[in-house]
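Worksheet: the structure to be examined is printed underneath.
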Amino acid sequence: DSNDIVDIKEYTKEKYAKPNPALFGAAKEKNIIKIHLESFQSFLIDYELHGEEVTPFLNSLVHDQKKGFTYFDNFFHQTEQGKTADAEFILDNSLYGLPQGAAFVTKGNNTYQALPAILNQRMNYTSAVLHGDYKSFWNRDEIYKQFGIDHYFDASYYDMSEENVINYGLKDKPFFEESIPMLESLDEPFYAHLMTLTHHHPYLIDEEDATIEPAETGDGSVDRYFQTARYLDESLKEFIDDLKEAGLYEDSLIYIYGDHYGISENHNRAMEEILDKEITPLVSANLQRVPFLIKIPGVESQGINHRYTSQMDVMPTLLHLMGIRADDYILFGTDMFSEDHKQFVPFRRGDFVTPDFSYISGSYYDNETEEEIEEVTDKMENMKQQIENELQLSDKLVYGDLLRFYTPTKDWEEVDPSIYHYGVDEE
Ligand code: GP9
Ligand code: MN
């Protein structure tokens, strides 16, 4: 009931990590360009196949500090059955996806206090999503209205002729290329989310787009995974060049993230060959790392940041960079740049990782020795309790549509979904 929201608010307030004063407001009113790397796992970074880097461009963003990006190498996805939609849900709400199904589909008509709406109300941002699939996939055209997303450039805005399309939809290179004028058309400041698609299971690629030979495990998806990753890397490089040319690069906050794993546990045999090690439950959990890179205009790169962080932490981090206190809202993550950042990463099923130990399917592991821990400490048990509680609180909020009963700031206006219309025909 509506009293639950009070307990939930109390919990998130207690967990809150106050801003890093050096960065609070550092990106105020800057355009935000958010780039989704479909199915991209962090093990691809610096991975070499046939003696070649698979993703040389991303590797250069990770290693060349002059390019201005900070790379979080212990950043984890937290998605479940909602896959891409879960990642979107978590990143823009700092709430957990559901244990079953996709909140995007089953809770698409809830009240939300999502990042696009907050940025619009607090700083007059225009928001847009750009994606080469059709608008109703994952029920996006409904829930985006609840998030306050102004424009959804779906496949109907792009040239979907046969040579441009593979697998789920538009290929990443034409997608990025055609997105530039759409970005240029937006009122500033804008918050634009570009979602790629080609690097998606089963990793199909046209011969002329393949610039690296497949791996040779005999597992087709795993073998092609490197080819579509290379294609995505090349697309990203072209896009960054185009942004520069359009004058949209230097002064924008740009962040790049992976949505979820690409290679499931069904492919462990081939992955053992790729990684040259046994895939234990702990190794599997470690493979849930996805990239997170961020460039903040006027702020120097920190190089590689090793903090344990997750998708849940992105929204509070961005709010603080905008100069908006994240504790006005109900958010389960904490600012990645804060001194108080909470370095535990819950997964949807109650497993979790921390810098020292991990809890996976009922067992604790020492991260360093990779051995199971026999003597479980109170600290470990307490962490497990807290995480169970956190997941329950988030579920209560989403299942009960409880943000209806929460007013974040005195001038907050509940989002009115009826004012948004998506698709070429409707706009
Ligand atoms: C489809 C794309 C793929 O629009 O987002 O979704 P996924 O299968 O990764 O959830
Ligand atoms: Mn996805």
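Tabulated results
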| item | result |
| --- | --- |
| Lys, Arg +1 and Asp, Glu -1 on Cβ, resulting dipole of the chain about Cα centre, debye, nearest 20 | 1420 |
| Relative contact order, percent, the range 48-181 [alpha-carbon distance under 8 Å, six or more residues apart] | 16 |
| Shape metrics for the range 122-199, restricted to C-alpha atoms - Rg then Dmax, Å | 12.6, 42 |
| Per-residue Cβ neighbour rank within 10 angstrom, fewest leading, Glu38, Glu375, Glu29 | Glu375, Glu29, Glu38 |
| 4 °C / 1.567 mPa s Stokes-Einstein diffusion coefficient of the range 245-381, Kirkwood radius on C-alpha pairs, µm²/s | 75 |
| The chain: relative contact order in percent, alpha carbon pairs under 8 Å with at least 6 residues between | 30 |
| When the convex hull of its Cα atoms is projected in every direction, mean area for the range 198-281 (nm²) | 7.2 |
| Kirkwood Rh, angstrom, the range 329-427 [1 / mean 1/r, Cα pairs] | 16.9 |
| Total charge dipole magnitude, the range 216-305, about the Cα centre, Cβ charges on Lys, Arg, Asp, Glu only, Debye to nearest 20 | 240 |
| Reciprocal of mean inverse Cα separation for the chain (Kirkwood radius, Å) | 21.9 |
| Debye log10 I(q)/I(0) for the range 102-149, one point scatterer per Cα, at q = 0.18, 0.22 Å⁻¹ | -0.56, -0.78 |
| Cut-off 10 Å between beta-carbons: net charge of the residues surrounding Asn20, Lys and Arg +1, Asp and Glu -1 | -2 |
| Inter-probe distance in nm under a simple model that places probes 7 Å from Cα toward Cβ, at Thr377 and Asp328 | 3.9 |
| Choice from Gln65, Gln288, Gln100 with maximal GNM fluctuation in the chain (Cα, 10 Å cutoff) | Gln100 |
| Footprinting exposure proxy for Ser301, Ser394 (fewest neighbouring C-beta atoms within 10 Å first) | Ser301, Ser394 |
| Least to most buried among His267, His320 (fewest other Cβ within 10 Å first) | His267, His320 |
| Relative intensity, log₁₀ I(q)/I(0), of the range 9-71 from a Debye sum that treats every alpha carbon as a point, q = 0.17, 0.25, 0.27, 0.29 Å⁻¹ | -0.88, -1.11, -1.16, -1.21 |
| Size of charge dipole - the range 104-227 - debye, nearest 20, with Cβ of Lys, Arg +1 and Asp, Glu -1, no other charges | 960 |
| Cα pair distances of the range 1-131 binned at 10 Å [whole percent] | 9, 27, 37, 21, 5, 1 |
| Distance between the range 368-427 and the range 72-110 - C-alpha centres, whole angstrom | 9 |
| With 10 Å bins from 0: P(r) over the range 326-372, alpha-carbon pairs, percent | 24, 43, 25, 8, 0 |
| Inter-probe distance in nm under a simple model that places probes 7 Å from Cα toward Cβ, at Lys18 and Thr369 | 3.9 |
| Axial C-alpha extent at least 30 Å, average Kyte-Doolittle at least 0.5 - helices from the chain (DSSP) | none |
| Residue among His131, Tyr359, Ile330 farthest towards the positive dipole end of the chain, charges placed on Cβ | Ile330 |
| 22 Å Cα-Cα threshold exceeded, pairs from Lys135/Lys171; Lys67/Lys277; Lys34/Lys66; Lys34/Lys83; Lys34/Lys173; Lys30/Lys67 | Lys67/Lys277 |
| For the range 39-114, the Rg and Dmax computed from alpha carbons only, in angstrom | 16.6, 51 |
| Positive-end residue of Phe72, Ala102, Ile45, charge dipole of the range 27-128 with Cβ unit charges | Ala102 |
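The numbers here are math on the coordinates, done by the rules we state, and not lab data. Because the structure is a prediction, the values reported are computed rather than measured. Methodologically, a virtual Cβ is constructed for each residue, glycine included, from the backbone with ideal geometry; neighbour enumeration extends over all protein chains shown.
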